[in-house]
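Take a look at the structure set out below.
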Amino acid sequence: SAVISQKPSRDICQRGTSLTIQCQVDSQVTMMFWYRQQPGQSLTLIATANQGSEATYESGFVIDKFPISRPNLTFSTLTVSNMSPEDSSIYLCSLVAGGRETQYFGPGTRLLVL
Amino acid sequence: SQELEQSPQSLIVQEGKNLTINCTSSKTLYGLYWYKQKYGEGLIFLMMLQKGGEEKSHEKITAKLDEKKQQSSLHITASQPSHAGIYLCGAPLKAAGNKLTFGGGTRVLVKP
């Protein structure tokens with residue numbers, strides 16, 4: 001199975017600031033995604049991180065708020081911009097491995113915005 | 001849009017007892033993923049079902065997919081405290097797709 005790491009694992013941030021979350025994978029993968037899990041809620045897909053091109057965002061999410069980079073097949077970043085308390089969530093990256101049989105998730109970044 | 005409903009939302013079982021979690025889709029299922037999540041942590045992949053009638057087992061956990069009912073069930077036999085956590089089902093939004101929508105989760109507590 002693929003090994004996924006995320007940095008930071010958690011952070012407490014002030015309103016109006018931005019935080020960049022890193023996702024590193026130990027092998028090259030084609031598809032990477034970013035999800036959000038708000039407190040007490042299930043996961044919601046934010047966007048697909050495309051290597052070498054702009055990310056594809058889901059309804060309700062925009063690039064200005066959640067800019068995403070994917071410079072290569074093993075690394076991606078998600079920035080949460082101009083944060084508000086409503087952005088307090090767990091942010092998780094995921095990837096598809098083994099054809100479509102398996103989709104793995106990173107350990108998550110737990111963000112609290114004050 | 002596709003919605004996944006999990007039931008029950010939470011349950012408490014005595015150690016050694018069996019438990020079943022259901023995941024029902026509002027639309028056609030193109031596969032079904034089951035994950036386990038410890039509080040505040042990432043998701044642990046349990047298994048993925050692709051075809052109707054498919055059943056997979058891993059240790060004491062068995063999952064089955066009923067395409068006609070647009071439903072999957074996860075069954076844990078002889079539960080242990082290590083089985084405690086939140087169980088989430090996820091399904092692709094479309095055939096051969098990788099974007100997942102998730103159910104609301106089932107919180108399981110196992111009493112020793």
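The values are calculated or read from the model by the stated rules, or taken from the named source; none is laboratory data. What you are looking at is a predicted structure, and each value in this text was computed from that prediction instead of being measured. Glycine gets a Cβ as well: all are built from the backbone with ideal geometry, and neighbour counts include every protein chain shown. Side chains included, ligands, DNA and RNA excluded: accessible areas come from the protein's heavy atoms. Shrake-Rupley method; radii C 1.70, N 1.55, O 1.52, S 1.80 Å.
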Open item on the list: Being loosely packed, with under 13 Cβ neighbours inside 10 Å, at pLDDT 95 or above and hydroxyl-bearing (Ser, Thr, Tyr) narrows it down to one residue among A:88, A:53, A:84; which is it?
Closed with: A:84
TODO: Kindly list the number of the only condition in (1) within 19 Å of residue A:103 (Cβ to Cβ); (2) free of Cβ contacts under 8 Å to residues at least 24 places away in the same chain that fails for residue B:59.
DONE: (1)
Open item on the list: Out of the strands (runs of 3 or more DSSP E) lying entirely within region A:40-114, which hold 1 or more residues that are within 14 Å of another protein chain (Cβ to nearest Cβ)?
Closed with: A:43-49, A:89-97, A:102-105, A:109-113
- [ ] Just give me the residues in region A:43-55 being touching a Ser or Thr at 6+ places or on another chain (Cβ under 9 Å) and among the small types (Gly, Ala, Ser), in sequence order.
- [x] A:47, A:49, A:55
- [ ] Kindly indicate the residue of region B:55-77 that is under 17 Å from residue B:91 (Cβ atoms), part of a strand (DSSP E or B) and of a type outside the set (Asp, Glu) and also most open to solvent (accessible area, probe 1.4 Å) among those meeting that condition.
- [x] B:64
Open item on the list: Exactly one condition in (1) within 14 Å of another protein chain (Cβ to nearest Cβ); (2) more than 25 Å from residue A:92 (Cα to Cα) is false for residue B:5; which is it?
Closed with: (2)
Open item on the list: Can you tell me which residue is surrounded by the fewest Cβ atoms within 10 Å (Cβ to Cβ) among those in region B:1-28 that are under 24 Å from residue A:107 (Cβ atoms) and touching a Gly at 6+ places or on another chain (Cβ under 7 Å)?
Closed with: B:6
Open item on the list: Checking the condition in contact (Cβ under 8 Å) with a residue 60 or more places away in the chain and open to solvent by 20 Å² or more (accessible area, probe 1.4 Å), which residue from A:74, A:44, A:30, A:109 passes?
Closed with: A:30
Open item on the list: So, restricting to strands (runs of 3 or more DSSP E) that lie completely within region B:12-54, which ones have at least 2 residues that are of a type in the set (S, T, N, Q)?
Closed with: B:19-25
- [ ] Determine whether residue B:5 is out of contact with any His (no Cβ under 9 Å at 6 or more places or on another chain), among the charged types (D, E, K, R) and without any contact (Cβ under 8 Å) to a residue 60 or more places away in the chain.
- [x] no
Open item on the list: Can you find, within region B:78-109, the residue that is farthest from residue A:104 (Cα to Cα) among those that are open to solvent by less than 10 Å² (accessible area, probe 1.4 Å) and aliphatic (A, V, I, L, M)?
Closed with: B:108
- [ ] Go through region B:29-46 residue by residue and tally those that are open to solvent by 10 Å² or more (accessible area, probe 1.4 Å), more than 7 Å from chain A (Cβ to nearest Cβ) and free of Cβ contacts under 8 Å to residues at least 60 places away in the same chain.
- [x] 5
